[in-house]
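Here's the structure, in structure tokens; my notes come after.
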Amino acid sequence: ETRSKSLLYLDGVSVSFDGFKALNSLSFVVEPGELRAIIGPNGAGKTTMMDIITGKTRPDSGTVLFEDSIDLTKRDEADIAQLGIGRKFQKPTVFESHTVWDNLELALNRSRGVFATLFYRLSGEDRDRIEEILSTIRLTHRKTELAANLSHGQKQWLEIGMLLAQEPKLLLVDEPVAGMTDAETAETAILLRDIARTRSVVVVEHDMGFIRDLGVKVTCLAEGSVLAEGSIDFVSNDPKVIENYLGR
Ligand code: ADP
């Protein structure tokens, strides 16, 4: 039997903590170049799923494949990052006392195994790459600003830019719009769609207006497995989704 090439393939993934099933035979597939939204109540297993994909947690059973053949359950976190899976946690962790540009330069050096240094001369190509990222994350006009002086939303974008410096094939983004203004939230939907033109992005969010703006396929998790999957209209009208999540 053959199936189409997937970037990320999870099948029958289960993991328990002290007898509690955080993931219960979860199946989840992301195609190359896809932008996918994940929703679901607290405790649904969203974070645990990200932990499994990034090698932070090992599943008790099930299949986790990257690019159709790489078994992620056999790789450690550093390996998985190197393979091209980037993860953005909810809280931004930019270097506040550095400029926007220097944050991106540090991230570019880090992606080459050079830690916390600005002493490497950037090539013209590197500078072009940083300019391109600045444009993607809407911060060209603030490149000489200290990161500390950015708004909360701009810090989130800068951190996404720092991940882009590592050229991930898959970017996992946890609750990016929490605490953002309405304008920043709307801009983030456009920004993530831009980013997904050259890679896959999986975004976990509770903000249903934002999910609607994204306009992509949605997966609703509950109790460690997929409750519903499809367009936002399809998923948000599913009685199981209303009962377990939206109606709460
Ligand atoms: P979500 O991100 O959807 O809110 P989580 O993946 O964080 O859900 O959690 C799923 C369940 O697994 C929760 O009940 C949580 O308490 C439990 N859990 C997650 N990680 C651990 C852990 N490392 N040790 C014990 N329990 C955990």
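Remarks
- Residue count, region 122-133 (criterion: within 16 Å of residue 166 (Cβ to Cβ) and either at pLDDT 85 or above or assigned to a helix (DSSP H, G or I) (or both)): 6
The rows are residues; the columns are (1) more than 28 Å from residue 177 (Cβ to Cβ); (2) within 15 Å of the ligand (Cβ to nearest atom).
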{"residue": "40", "(1), (2)": "no, yes"}
{"residue": "56", "(1), (2)": "no, yes"}
{"residue": "59", "(1), (2)": "yes, yes"}
{"residue": "72", "(1), (2)": "no, no"}
{"residue": "76", "(1), (2)": "yes, no"}
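- Here residue 1 clears all of (1) at pLDDT below 95; (2) of a type outside the set (Ser, Thr, Tyr); (3) under 18 Å from the mean Cα position of the chain (by Cα) except the condition numbered (3).
- Summed over region 51-75, the residues that are without any contact (Cβ under 8 Å) to a residue 12 or more places away in the chain and either farther than 15 Å from residue 32 by Cβ or in contact with a His (Cβ under 8 Å, 6 or more places away or on another chain) (or both) give a count of 3.
- Within region 7-26, the residues that satisfy the criterion of being small (Gly, Ala, Ser) and either exposed (fewer than 14 other Cβ atoms within 10 Å of the Cβ) or within 16 Å of the ligand (Cβ to nearest atom) (or both) are 14, 16, 19, 22, 25.
- Residues within region 33-44 that are under 15 Å from the mean Cα position of the chain (by Cα) and modelled with pLDDT of 95 or more, tallied: 6
- Test for residue 189: is it in contact with a strand residue (DSSP E or B) (Cβ under 8 Å, 6 or more places away or on another chain) and crowded, with 18+ Cβ neighbours inside 10 Å: no
The values are calculated or read from the model by the stated rules, or taken from the named source; none is laboratory data. Being a predicted model, the structure only gives us computed values, none of them experimental. Using ideal geometry, Cβ is built from the backbone for each residue, glycine included, and neighbour counts are taken over all protein chains shown.
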